[in-house]
Amino acid sequence: MEEVSTGALVPAVKPEPVSSSATVAAAALPPAAAPPPPLEVAGDAAAAGASAAGQLDRDFLCPICMQVIKDAFLTSCGHSFCYMCITTHLRNKNDCPCCGHFLNSHQIFPNFMLDKLLKKTSARQVSKTASPIEHFRVALQQGCPVSIKELDSLLMFLAEKKRKMEQEEAERNMQILLDFLHCLRKQKVEELHEIQNDLQYIKEDINSVERHRIELYRARDRYSVKLRMLGDDHSMRKPWPSSMEKTPSGFTSSNISTRGNLSSGSLQSKKMETKAQVSSHGLQRKDTLSGSDSQHMNQSSLSVTRKKRVHAQFTDLQECYLQKRRQLANQPHFQDEKDKNVIHREGYNAGLAHFQSVLSTFTRYSRLRVIAELRHEDLFHTANIVSSIEFDRDDELFATAGVSRRIKVFDFSTVVNEPTDVHCPVVEMTTRSKLSCLSWNKYAKNHIASSDYEGIVTVWDVDTRQSLMEYEEHEKRAWSVDFSRTEPSMLVSGSDDCKVKVWCTRQEASVLNIDMKANICCVKYNPGSSNHIAVGSADHHIHYYDLRNISQPLHVFTGHRKAVSYVKFLSNNELASASTDSTLRLWDVKENLPVRTFRGHTNEKNFVGLTVNSEYIACGSETNEVYVYHKEISKHVTSHKFGSPDPDDPDDDAGSYFISAVCWKSDSPTMLTANSQGTIKVLVLAA
């Protein structure tokens, strides 16, 4: 897919004029008899004085530069300007800037009176704002008579004032330092309390794990003893070589022995046979032991590998453990039927049980292995970018779509089990425009929806290869479409026309329309509700709506710095998003909180795909790599780089390719991936 559309520009904002003042008349009363003016009158007088001073200041401003006049010059029409301002103006024009009368350089004259007035006003303002020390300094400079005794007393007063100010400054500094130390002590005490609690949790969990490990060892020993007993019982029941075997002549060797015909040679051969049987039994036990030893070595090396993975991501795992342990500190663990990874153990805390499941799934895999590969080639289209790849309801078929204007449906088991250079699709449907997204109906296995670059949303019947419904209300390119899991007749789409539209397969027009302010890049139904949708936008935000009230979103998730290209639900409460700021983010839509940010892949301009299951999040990268993240760890678990499809071609620039679509096979470790060159790979997580 091509670049994500940019969002709308944010508008901005201006000042206001100041009102003119009124004058206040003084009452004609004798000074002794005049009562003190009311507060309102005093306030008005002060305002009038300030206004008069402001008016006087404006009279001293040059009409050209709007600054206090410097080197005042008067024109023949009676206006005053700065000398530099008026001479510069008269070089270009021969008129007065104020009244427009004809004026030239011979009709301007120095305004000595105004200059003198300006200097006095300036000196008066300086004297008003100057400090007492400045006044005293000026007085001494002007020769004000002061005796030595007065100077001595003044110096003593200044020295005492200095000591007092230094003491006050020292006290202030000490108080600031003391406040800081108190604050630091409080923070460290809280940290110590938190560390002590964490150590207590760790101690409790170590005891719980040690106790259950001893139980496992005992159970293993009991199992081993039982196996040995069964093996010994089997060997006791096994018939040993008997002297009662029949000879070819029909007589048994015992009869021969009783008749005294048994030779010493035959006795020796019997002993040899017995030794051979015992030796054979011993070899079998030795082979069994050596097999168990090799199995133990394999288990040991696997354990070392998993420990290395733990140490490599120790910081993130530590944060995950402490977060869950603090959050679920006082909750005993009750097994959740839906949580298949958590093993119920009596005495385990819920936080420890959760972390054990995280640790188990995180360390289980370390790489992605390719189990099948095919090319999404088309003889009539050179561009082979796969924009979308999706499994059907039962994970038996998968469909691909892209710029080749074709929806191709493949049989997954055939692709995996019959390796060949070219796999033919079981169904192929041609469209009018380039395709951007696909969505299988999770109820009707043969129904699939598509969105395209002309803004058309189409519902197809895969069995008949015909379109069932075509919706053409979008005015620009539609980027995303999604069927509801709980209401299979409902689907939602988003477009560059800044509109989200909800459709029903039983109606020919949209049933709901949400107008937004920026381009829509992705839409997704909550898997547990047909009333809630997540919308990713070019305004960098995710808008979470309840369709029963679309006047405003339930919540707007902010944090991405560029357009949000994908949104996917891991569960009813967990939402993952991808953005062209090269990050993935996990959100809690129940509590409206950000949970985690994932970094490692590169994504600045293209749609690179996003897929999730209950534990893992996978996405593409513009480095032509697939990245897999565990939802509890911010760093990637593993990655896989696509190679150049034609290494012998010197013009083949592998650096320009990028991953364009990814899709998990339900909750399994298997994943479909595709890149911008049209290469499709089936990858599986491996140890």
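The values are calculated or read from the model by the stated rules, or taken from the named source; none is laboratory data. Just so we're clear, the structure is a prediction, and the values are computed from it rather than from any experiment. When we count neighbours, we look across all protein chains shown, and the Cβ atoms used for this are built from the backbone with ideal geometry, even at glycine. The area values use the complete protein model at the heavy-atom level, side chains included, leaving out ligands, DNA and RNA. Shrake-Rupley method; radii C 1.70, N 1.55, O 1.52, S 1.80 Å.
General remarks:
- Matching option when the condition is more than 21 Å from S439 (Cβ to Cβ), in a strand (DSSP E or B), modelled with pLDDT of 95 or more and touching a Leu at 6+ places or on another chain (Cβ under 8 Å), among V628, V595: V628
- A search for C-beta distances below 6 Å between a residue of region 493-510 that is assigned to a loop (DSSP other than H, G, I, E, B) and any residue that is basic (K, R) and buried (at least 24 other Cβ atoms within 10 Å of the Cβ), counting only pairs 6+ apart in sequence or on different chains, returns S510/K501.
- Of all residues in region 374-415, those that are modelled with pLDDT of 90 or more and in a strand (DSSP E or B) total 18.
- Extreme residue, farthest from V457 (Cα to Cα), among residues of region 416-442 that are among the hydroxyl-bearing types (S, T, Y) and in a loop (DSSP other than H, G, I, E, B): T420
- Breaking point among (1) touching a helix residue (DSSP H, G or I) at 6+ places or on another chain (Cβ under 8 Å); (2) exposed (fewer than 14 other Cβ atoms within 10 Å of the Cβ); (3) at pLDDT 80 or above, for F355: (2)
Okay, residues lined up against (1) of a type outside the set (A, V, I, L, M); (2) touching a strand residue (DSSP E or B) at 6+ places or on another chain (Cβ under 7 Å); (3) over 27 Å from A401 (Cβ atoms); (4) open to solvent by 10 Å² or more (accessible area, probe 1.4 Å):
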| position | (1), (2), (3), (4) |
| --- | --- |
| Q552 | yes, no, yes, yes |
| V556 | no, yes, yes, yes |
| W587 | yes, yes, yes, no |
| E591 | yes, no, yes, yes |
| L610 | no, yes, no, no |
| I617 | no, yes, no, no |
| N624 | yes, yes, no, no |
| K631 | yes, yes, yes, yes |
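- Verdict on V684 being within 21 Å of A372 (Cα to Cα) and in a strand (DSSP E or B): yes
- A Cβ distance below 9 Å, combined with a sequence gap of six or more or placement on separate chains, defines the contacts here; from region 139-160, residues that are more than 18 Å from S127 (Cα to Cα) reach residues that are open to solvent by less than 100 Å² (accessible area, probe 1.4 Å) and not in a loop (DSSP other than H, G, I, E, B) in the pairs V146/A139; V146/L140; V146/L154; L154/F136.
- For region 144-158, the condition of being within 27 Å of F60 (Cβ to Cβ) and over 60 Å from the mean Cα position of the chain (by Cα) holds for none of the residues.
- Taken over region 416-444, the residue count meeting the criterion of being under 15 Å from F398 (Cα atoms), open to solvent by less than 50 Å² (accessible area, probe 1.4 Å) and modelled with pLDDT of 90 or more is 10.
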